[in-house]
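S.K.: The following block contains the structure, expressed as structure tokens.
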Amino acid sequence: MKKVSLVGSLILSTVLTGCQVSTIAGIGHDRKQLMIYSKEDTYRQSEAAYRKILDYAYSQNAVVTSTQVNRVAKRIINQAEYFRADSVNWKWEVNTLKDNDINAFCLSGGKIGVLTGMITRLKVTDDELAAIIGHEVAHALRDHGREKMSKKLISGLGVLAASSAGLGDIAVSGTSILGEYGYNLPGSRSLETEADLLGLELMVRAGYKPEAAVSFWQKVMATENSGIKVDFMSTHPASQKRIDAIQAHIIKMNSK
């Protein structure tokens, strides 16, 4: 019993000391987050994972240049500091990967990737692209990947074996470039909502129209409803409820 009590006390102590807030302004800034997984380890492993994704893409001659992606990402990145001061020191990278999948990601520390299927299949406008890049950057600013790993450590008493933990965001799945070193986003509804709403604020600060977030998700839903499998939907489930929440926040922002 003493041993169990000692473990319980250690976990409780870790939880209490590990509660932080990743952003200083915007959506979620008043929510305490469990952050017991090292920030340095998270960023280091994200960097390694990003290199693996790019190495594989280069081996397939699939790293391409998209002026649209570069243009939109730059404007979104320029607003990140407002919500998280230390993001100005991140080694931001933006790459477009030639792949027919509809997908995009932003690994911890500002490592952005957009698959060309996002552009060619959905025919996204700059404003719509800003909605999804803003959403992905919001995940990184809020340290959702690190938060997810921290929760996994606690749920499995993993705090006692943290040295063996890997980057919880990297998974092998699918058949595309990301299938080789696939990025599995935090999938909880609450984290997705947080990224949606903070992403809206990012894109508005960058000068994009927030209504484009609605049209973006409508396009994703229409693609899925047409019977075409969209891997993106497994971690970003689109629904009318999601769109309603986005529209409600747009009204709130317009009323300020």
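S.K.: Can you tell me which residue is farthest from Lys219 (Cα to Cα) among those in region 99-122 that are open to solvent by 10 Å² or more (accessible area, probe 1.4 Å) and without any contact (Cβ under 8 Å) to a residue 60 or more places away in the chain?
M.R.: Only one residue tops the list, namely Thr116.
S.K.: Can you tell which of Ser164, Ser150 is of a type outside the set (Val, Ile, Thr), modelled with pLDDT of 50 or more and either open to solvent by 10 Å² or more (accessible area, probe 1.4 Å) or under 27 Å from Asn89 (Cα atoms) (or both)?
M.R.: Of Ser164, Ser150, the one residue that is of a type outside the set (Val, Ile, Thr), modelled with pLDDT of 50 or more and either open to solvent by 10 Å² or more (accessible area, probe 1.4 Å) or under 27 Å from Asn89 (Cα atoms) (or both) is Ser150.
Conditions tested, residue by residue: (1) under 21 Å from Asp99 (Cβ atoms); (2) touching a residue at least 60 places away in the same chain (Cβ under 8 Å).
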residue	(1), (2)
Arg205	no, yes
Ser215	no, yes
Lys219	yes, yes
Ile243	no, no
Gln247	no, no
Met253	no, no
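S.K.: Which residues, taken from region 28-45, are at pLDDT 85 or above and open to solvent by less than 60 Å² (accessible area, probe 1.4 Å)? Before you say what the answer is, go through the steps one by one.
M.R.: From region 28-45, those at pLDDT 85 or above are 43-44; that's our starting set.
Within region 28-45, Tyr43 is the sole residue that qualifies.
S.K.: From the set of residues in region 65-90 that are over 16 Å from the mean Cα position of the chain (by Cα) and not in a helix (DSSP H, G or I), which is surrounded by the fewest Cβ atoms within 10 Å (Cβ to Cβ)?
M.R.: Thr65
S.K.: Being in a strand (DSSP E or B) and either at pLDDT below 95 or within 20 Å of the chain's Cα centre (by Cα) (or both) is the requirement here; does Asn95 meet it? Give the steps one after another, and end with the answer.
M.R.: On the way: in a strand (DSSP E or B): yes; either at pLDDT below 95 or within 20 Å of the chain's Cα centre (by Cα) (or both): yes.
It is true that Asn95 is in a strand (DSSP E or B) and either at pLDDT below 95 or within 20 Å of the chain's Cα centre (by Cα) (or both).
S.K.: All but one of (1) under 17 Å from the mean Cα position of the chain (by Cα); (2) at pLDDT below 90; (3) in a helix (DSSP H, G or I); (4) surrounded by 15 or more Cβ atoms within 10 Å (Cβ to Cβ) hold for Ala238, so report the exception by its number.
M.R.: Every listed condition holds for Ala238 apart from (3).
S.K.: Only one of (1) outside any helix (DSSP H, G or I); (2) modelled with pLDDT of 75 or more; (3) surrounded by 14 or more Cβ atoms within 10 Å (Cβ to Cβ) fails for Ser22. Which number is that?
M.R.: Looking at each condition in turn, Ser22 falls short on (2).
S.K.: In addition: State whether one or more residues within region 40-47 are under 19 Å from Ala206 (Cβ atoms) and among the acidic types (Asp, Glu). I'd like the intermediate steps shown before the answer.
M.R.: Residues of region 40-47 under 19 Å from Ala206 (Cβ atoms): none.
Within region 40-47, not a single residue is under 19 Å from Ala206 (Cβ atoms) and among the acidic types (Asp, Glu).
The values are calculated or read from the model by the stated rules, or taken from the named source; none is laboratory data. None of the values given here were measured: they were computed from a predicted structure. Every residue, glycine among them, receives a Cβ derived from its backbone with ideal geometry; neighbour counts consider all protein chains shown. Note: accessible area is taken over every heavy atom of the protein model, side chains too, but ligands, DNA and RNA are not part of it. Shrake-Rupley method; radii C 1.70, N 1.55, O 1.52, S 1.80 Å.
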